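The values are calculated or read from the model by the stated rules, or taken from the named source; none is laboratory data. Source: prediction; values computed, not measured. Glycine also receives a Cβ, built like all others from the backbone with ideal geometry; neighbour counts cover every protein chain displayed. These accessible areas exclude ligands, DNA and RNA; they are computed on the full protein's heavy atoms, side chains included. Shrake-Rupley method; radii C 1.70, N 1.55, O 1.52, S 1.80 Å.
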Amino acid sequence: MINYLWTPPTPPSLPVRGKSERLPVNRIFCVGRNYHAHAIEMGRPVDKATQRPFYFTKSNTALVPSGATVAYPPETQDYQFEMELVLVVGAPGFRVKVEDAHKIIYGYACGLDMTRRDLQLKFRDQGRPWDLGKDVEESAVCSEVVPMPGVVLEQGEIALEVNGVTKQKSDLNKLIWNIREQIADLSLFYHLQPGDLIYTGTPEGVGPVVAGDRITGHVQGVGEIALTVGPAA
Ligand code: MN
């Protein structure tokens, strides 16, 4: 029995389709620039022949369930949406081979990687960490988890609307580093654990939101996500 100075927070978790148990969320990894058209709109095209994927992380305390209303965050004038497929790890994996990557997949979810774009780009251009741009409170929005153990998603529409107007529309088959490659590469650096989430990158069309906006999105074969942006706290 451990005695704490104060009650530790309840571990972040997500609902799982078809189950009463919730999935405890461990770490949140995010892949940067993983669709060519998005990399180009960010002014940083990707040449897969000479470049490797890169990652940033969000605190798992940034997790927000689909359907929530979040306050417009402080210290930004350019809060943006990024619609993403979220890969849910279900087994430990270290130095996982591409051909074995499916073995650690628990399932998938729909995600929003909400971003203080003004700060991200300022820090990027200054060679500073992206944390204040990306590890924003309430910025890791995630739908229910859909169990698909061992399934490697290779195609399917991914799209996002703001107030019903389509802003992002692409296909998972346009991922630069696919699901298998992401698991193999990231597991060179980390001992992946059950409950780790990988936000797999966003397609082109990212843009700002303002208070009152309603974001909706879907990934074909996975599900839907929604978020309402409220006024600044
Ligand atoms: Mn992203």
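The figures follow:
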item	result
Residues (open to solvent by 40 Å² or more (accessible area, probe 1.4 Å) and assigned to a loop (DSSP other than H, G, I, E, B)) located in the stretch 51-61	Gln51, Arg52, Phe54, Ser59
Enumerated helices (runs of 4 or more DSSP H) restricted to the stretch 81-196, each holding at least 3 residues that are open to solvent by 50 Å² or more (accessible area, probe 1.4 Å)	117-126
Residues of the stretch 200-212 classified as within 14 Å of Thr166 (Cβ to Cβ) and in a loop (DSSP other than H, G, I, E, B), total	4
Filtered residue count, the stretch 30-50, keeping only those that are more than 10 Å from the ligand (Cβ to nearest atom) and either open to solvent by 50 Å² or more (accessible area, probe 1.4 Å) or in a helix (DSSP H, G or I) (or both)	11
Residue within the stretch 11-24 that is open to solvent by 20 Å² or more (accessible area, probe 1.4 Å), under 21 Å from the mean Cα position of the chain (by Cα) and among the polar types (S, T, N, Q) present	yes
Conditions (1) within 16 Å of the ligand (Cβ to nearest atom); (2) open to solvent by 10 Å² or more (accessible area, probe 1.4 Å): number failed by Gly201	(2)
Of the criteria (1) open to solvent by 50 Å² or more (accessible area, probe 1.4 Å); (2) within 13 Å of Met114 (Cβ to Cβ), which one Val64 fails	(1)
